[in-house]
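Working notes, structure below.
Please treat every number below as a calculation from the coordinates, not as lab data. For clarity, every value in this text was computed on a predicted model and none was experimentally measured. FYI the Cβ positions are ideal-geometry reconstructions off the backbone, even for glycines, and counts take in every protein chain you see.
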Amino acid sequence: MEPINQHFTSTKNFHSTRLKGKVAIVTASSEGIGLAIAKRLGDEGASIIISSRKEANVKKATESLRGEGINVEGIVCHVSDADQRKKLFDTAKSKFGGFDILVSNAAVNPAVSPVLETDEAVWDKIFDVNVKSAWLLAKEAYPELIKRGGGSIVFVSSIAAYQPMEPLGPYSISKTTLLGLTKAIAYEVVRDNIRVNCVAPGIVATKFSSAITSSEAAKEKSLSIVPMKRLGKPEEIASAVAFLVSDDASYMTGETLVVAGGTYAHL
């Protein structure tokens, strides 16, 4: 049986200028979903700050985006490092005068193990990057967004937030936490004209998902919960983020948009 929607039309065909004049920061954006988000926001007219932990990857991604006519600056940023986060925001201010959009995409999963067999150091690292750093990014972006008269924050969660994946227990829990973080912050900053939403990607074909898609057996098991019976594409997540940060979603805040091929998504 042929997978549903196998011949997905590239989001490039839906190019618009609805983000013209906006400035967006996207973390962990030198490849995969993060890079696709940066490209989509740039294609829609936004100026972009991309970041990643490795300088070579940042340089390569920056050159690629510039080659497509996107106004972009790249900077090395490990989101757990306070000095590097400060430099990230300072770059946005010095290069573009500030920013309107923050997309928190950085996440780690340093080990695969059952929840109750996870080493404490692994647990701490997952929550330090996936949750604490996301909170700190929003906290530090908040006064800058107020200066702009408002803005938008998007956290990148996962379908695993709703359905914990057996080999990715602690990672799944960290992504569930982002759903709560989204709602908590959204309610606090709504009076400041700042919207906070979340996107929960399904199983997407990236290097990061290789732990559950690297073999045909693992891929088949993963897709058993996906009605569309195929992996998602980074561009499909990027289009959802572009919607959430645009005025087309102006009446949405505190919400999580699931983009997972029909996968069951309820807590």
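Observations
- Beta bridges from DSSP with both residues in the chain: antiparallel share about 0 percent, rounded to the nearest 5.
- Extension gain (nm, one decimal) between Ala205 and Asn71, 0.36 nm per residue minus Cα-Cα: 45.6 nm
- Cut-off of 10 Å, at most 12 other beta carbons, DSSP loop: longest stretch of the chain lacking such chymotrypsin sites (Phe, Trp or Tyr not before Pro): 9-250
- Ordering Met252, Met165 by the number of other Cβ atoms within 10 Å of each residue's own Cβ, fewest first, gives Met252, Met165.
- Remark on Val259: its backbone amide H falls under 5 Å from those of Ala200, Gly202, a criterion applied only to residues 5 or more positions apart or on other chains, H modelled at 1.01 Å from N.
- Folded to 0 to 90 degrees: helix 133-147 orientation relative to the chain principal axis, Cα: 30 degrees
- Computed Kirkwood radius, in angstrom, where 1/r is averaged over Cα pairs of segment 47-97: 11.0 Å
- Sequence-separation-based contact order of the chain, relative, with Cα cut under 8 Å and 6+ spacing, percent: 19 percent
- Given Lys39/Lys95; Lys20/Lys86; Lys93/Lys183; Lys22/Lys125, the pairs whose alpha carbons are separated by over 23 Å: Lys20/Lys86; Lys93/Lys183; Lys22/Lys125
- Scaling the Cα radius of gyration of the chain by the globular reference 2.2 N^0.38 Å produces a ratio of 0.95.
- Set of aspartates and glutamates near Lys147 by C-alpha distance (under 15 Å), chain-local residues within fewer than 8 positions excluded: Asp90, Asp100, Asp192
- Peptide packing for 53-59, 105-111, 216-222 was compared via the average number of neighbouring C-beta atoms within 10 Å per residue; ordered from the highest value, the list is 105-111, 53-59, 216-222.
- Phi angles of segment 63-70 translate, via the Karplus equation with coefficients 6.51, -1.76, 1.60 and θ = phi - 60°, into HN-Hα couplings of 5, 5, 5, 5, x, 9, x, 8 Hz per residue; Gly and Pro are given as x.
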